[in-house]
Amino acid sequence: SLANITGDAYKVYVIYKKDNVIKCKYTTNAGTNWSTISNLSVNPTTLDAVYDANGLHITYSINSLSKYYRFTTSWGYAKDVSETESGTNPRIESLTTSNKIYVVYKNGDNAKSREYDVSTNSWADRKTLYSGLNNSYFAGFGVDASYIYLYYNRWEYEPDPGWHYKFYTRTIRKSDYTTVSISWDKLNDTYNIQTTTTTDNKVHTAWQYRDVLADGFGDVSLEPGLIHDYFSN
């Protein structure tokens, strides 16, 4: 369970939970042959992974805390990303142009992020991306040289149509962590978000569109399938 796939032009990694540990295999020939790396003896409730020139980076949640590990020739560089505060559903992205890794996690009614400089093996302080949003669910994020693009949905009330879901994209400037724009879709509670940043500094995002009734019960397949978009400046 909790399977993830990541890689580059030379290797593809598949990382997953089985038998209450994290397992991983990789291929260098498009799946004809597979090699196994050592198990990581943790039993997470969520798992996300990204690979770059510095190794395989993972984040996971266990006991409502967000954690990090990196695999090079062995597992190491362990970090309690959320420290002692609540940190659930962590997601991870790589910004290869600046040798940075970003982890974003949910902290109660807040969303927080943390930047990891791989070249110096140093973690920045935790930053708040939004705060005090009850009934919100963090779904994923993208990152480029200037911004974090945060995706989440929220169950909220408006006179028309009453209680309903909204799916939000919040653009956050990394220099001071202020929100510079917010957009949303009404009646959409999607939570399957996948992103990647290409070397031209574009953030590509794919998600499954889920249209729900105004009362929040039952899917209406008005636009089924995957949607792709990208941010460029």
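Values quoted throughout were computed directly from the atomic coordinates according to the rules given, and no laboratory measurement underlies them. Source: prediction; values computed, not measured. Neighbour counts run over all protein chains shown; Cβ positions are idealised from the backbone, glycine included.
3J(HN,Hα) along the stretch 131-141, derived from phi through the Karplus expression 6.51 cos²θ - 1.76 cosθ + 1.60 where θ = phi - 60°, amounts to 9, x, 9, 6, 6, 10, 10, 6, 10, x, 7 Hz, with x in place of Gly and Pro. Here's how it looks for GLY87: its modeled amide H is under 5 Å from those of LEU65, SER66, which are all 5 or more places away or on a different chain.
Each of ASN153, LEU40, TYR68 was placed along the dipole of the chain (beta-carbon charges, centred on the mean Cα), and the one lying farthest toward the positive end is LEU40.
Which net charge results when you count Lys and Arg as +1 and Asp and Glu as -1 among the other residues whose beta-carbon is under 15 Å from that of SER86?
Local net charge: +1.
Partner lysines whose Cα lies under 19 Å from the Cα of LYS112, excluding those fewer than 8 positions away in the same chain, are identified as LYS67, LYS79, LYS100, LYS127, LYS174. Rounded to the nearest 20 debye, the dipole size of the chain about its Cα centre is 760 debye, using +1 on the Cβ of Lys and Arg and -1 on the Cβ of Asp and Glu. Dipole size of the stretch 72-128 about its Cα centre, with +1 on Lys/Arg Cβ and -1 on Asp/Glu Cβ: approximately 120 debye, rounded to the nearest 20. Counting only Cα atoms, the stretch 1-133 measures 49, 35, 23 Å along its principal axes, largest extent leading.
Taking the Cα centre of the stretch 85-181 as reference, the dipole from Cβ charges on Lys and Arg (+1) and Asp and Glu (-1) amounts to some 160 debye. What the phi angles of the stretch 165-177 give under the Karplus curve with 6.51, -1.76 and 1.60, with θ = phi - 60°, is a coupling list of 8, 10, 9, 10, 10, 10, 9, 10, 6, 6, 5, 9, 6 Hz, glycine and proline written as x. Please give the net charge around ARG173, taking every other residue with its beta carbon less than 15 angstrom from that of ARG173, where Lys and Arg add +1 and Asp and Glu add -1. That works out to 0.
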